[in-house]
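Trainee: This is the structure I have questions about; it appears just below.
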Amino acid sequence: MTPCFFILLLVGLISCQVPEPQYGIAYITDRDDNFDIYFTDELGAAHHKLTDNVGMDWNPKWNEGSDGIMYYSRDTSGNISILSKKLTGESLPLETAGLEEFILSPDGNTALFTLKDSVYSHILALNLLTKDTLVFVDHPSYNGRPKWSPEGKWGSFISDRHRNNELFAIRVAEVELIRLTYTPCREKYTSWSGEGDYLYYTMSAQENQNNIFRVKLSTAETEAITSDTLLYEEIACSPDGSQLAFHAKRDCEHHIFVMNVDGSGERKITQEQA
């Protein structure tokens, strides 16, 4: 069976010096007939298996505050848990109380999560120290895929309140909302730049075509990074803002790729026998 690969995040590594690899990439693959999380350097030179749970593990997210990776895990009975591990494989305690799309702030003290009613999806913020909950995004529409900016001052999310998926940002302290995209197309995958001044996102103009763009937070000015007929998914920007990692299907095979943020220098870092 040909393995499938999905990129979910790109994080900084500790004690790496040029010209050694500077970043690590966590991704999921079913190379062992079960979706588990693996970790590799930006060159794809070494691949380390992080999870080995019965069932399926997916959606890893790096968190600076806990110095570990959060991820979803579904057992063979269909029960879903949110778990956390260090890159060494050591499990970390994490209380999520069954929350969906749970993502920790950079300091590890606050979590954004989605709450669905019978029709809509809203975003709430949970203070893990006081256990207080604040309604973060409350609008009669779909609101989801929340992301923290690197410094924790902003949150971003996707909403279809204008009939199709658009990208929004919200200043946490003032709960100030900014609409960032105005297109008839569908925005989906997002990633903050390392400095938090840009949001990278994918936009789909038609089926099986998903290009990468970026929008400047201060001006809402957009810029195309790719402009072809290929498919780019699960994008992640490196901490220094120089690289983008993503999952793509090329020549009928799913793999993880890395390229420069201007769209040049694309290179594959997973192989079928990796």
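FYI, it's all coordinate maths here, none of it is from the lab. Just so you know, these numbers come straight off a predicted model, no measurement behind them. In this analysis, Cβ positions are derived from the backbone assuming ideal geometry, glycine residues included, and neighbour counts consider all displayed protein chains.
Trainee: Give the separation of the Cα centroids, region 105-137 to region 218-274, in Å.
Mentor: Computed from Cα coordinates, the inter-centre distance equals 30 Å.
Trainee: What number comes out for the charge environment of residue 166, summing +1 per Lys or Arg and -1 per Asp or Glu over other residues with Cβ under 13 Å away?
Mentor: Local net charge: +4.
Trainee: Go ahead and run the numbers for FRET between residue 175 and residue 205, Cβ-Cβ distance against an R0 of 30 Å, rounding to 0.05.
Mentor: With a Förster radius of 30 Å, E is 0.40.
Trainee: Using a simple charge model, +1 on the beta-carbon of Lys and Arg, -1 on the beta-carbon of Asp and Glu, nothing else, what dipole does region 219-274 show about its Cα centre, in debye to the nearest 20?
Mentor: Numbers: 4 positive and 11 negative charges, 37 e Å.
For this selection, approximately 180 debye.
Trainee: Here is the link list: 85/131; 153/249; 85/216; 49/268; 86/216; 153/268. Which ones come out longer than 28 Å on Cα distance?
Mentor: Details: 85/131 22 Å; 153/249 34 Å; 85/216 33 Å; 49/268 19 Å; 86/216 32 Å; 153/268 33 Å.
As for pairs spanning more than 28 Å Cα to Cα, those are 153/249; 85/216; 86/216; 153/268.
Trainee: Then there's this: Provide, for q = 0.09, 0.17, 0.21 Å⁻¹, the log10 of I(q)/I(0) from a solvent-free Debye sum over equal Cα point scatterers in region 108-263.
Mentor: Summing over Cα pairs of region 108-263 leads to -0.30, -1.01, -1.38.
Trainee: May I pose another question? Taking the convex hull of the Cα atoms, report for the chain its projected area averaged over all directions, in nm².
Mentor: That works out to 14.8 nm².
Trainee: By the scheme Lys and Arg +1, Asp and Glu -1, what is the net charge of all other residues having a beta-carbon under 10 Å from that of residue 103?
Mentor: Cβ neighbours under 10 Å give a net charge of +2.
Trainee: Still on this structure, I have one more. May I have the pair-distance distribution P(r) for region 148-190, computed from all Cα-Cα distances with 5 Å bins from 0 and rounded to whole percent?
Mentor: Percent of pairs per bin, in order: 6, 25, 29, 21, 13, 6, 0.
Trainee: Aspartates and glutamates near residue 147 by alpha-carbon distance under 12 Å, same-chain residues fewer than 8 away left out - which ones?
Mentor: 101
Trainee: Could you give the size of the charge dipole of the chain about its Cα centre, using +1 on the Cβ of each K and R and -1 on the Cβ of each D and E, expressed in debye and rounded to the nearest 20? It would help to have the intermediate numbers written out before the result.
Mentor: Working: 23 positive and 40 negative charges, 96 e Å.
Here the size comes out at about 460 debye.
Trainee: Let me ask another. Find me the longest stretch of the chain that has none of the exposed trypsin sites (Lys or Arg not before Pro), where exposed means in a DSSP loop (not H, G, I, E or B) with at most 11 other Cβ atoms within 10 Å.
Mentor: Answer - 1-130.
Trainee: Return the loop-located GluC sites (Glu not before Pro) in region 69-126 (DSSP other than H, G, I, E, B) with at most 14 other Cβ atoms within 10 Å of their own Cβ; answer none if there are none.
Mentor: Counting only loop positions with at most 14 other Cβ atoms within 10 Å, the GluC sites (Glu not before Pro) in region 69-126 are 90, 95.
Trainee: If we count every other residue with Cβ under 13 angstrom of residue 72's Cβ, Lys/Arg +1 and Asp/Glu -1, where does the sum land?
Mentor: -2
Trainee: Between residue 151 and residue 43, take the C-beta separation as r, use R0 = 22 Å, and let me know the FRET efficiency to the nearest 0.05.
Mentor: Efficiency at R0 = 22 Å is approximately 0.20.
Trainee: Right, next: Using a 7 Å offset from the Cα along the Cα-to-Cβ direction at both residue 186 and residue 132, what is the distance between the two label points in nm, to one decimal?
Mentor: Using points 7 Å along Cα→Cβ, the separation is 3.9 nm.
Trainee: Can I ask one more? Please state, to two decimals, what the Cα-based radius of gyration of region 231-274 comes to when divided by 2.2 N^0.38 Å (N = residues).
Mentor: Here the answer is 1.13, to two decimals.
Trainee: If you take the beta carbon distance between residue 32 and residue 262 as r and set R0 to 30 Å, what does 1/(1 + (r/R0)^6) give as a FRET efficiency, to the nearest 0.05?
Mentor: Here the calculated transfer efficiency is 0.25.
Trainee: What percent does the relative contact order of region 44-136 come to when contacts are Cα pairs within less than 8 Å and at least six residues apart? Please report the intermediate quantities before stating the final value.
Mentor: Details: 164 pairs, mean separation 15.8, N = 93.
Taking the mean separation of contacting Cα pairs over the length of region 44-136, I get 17 percent.
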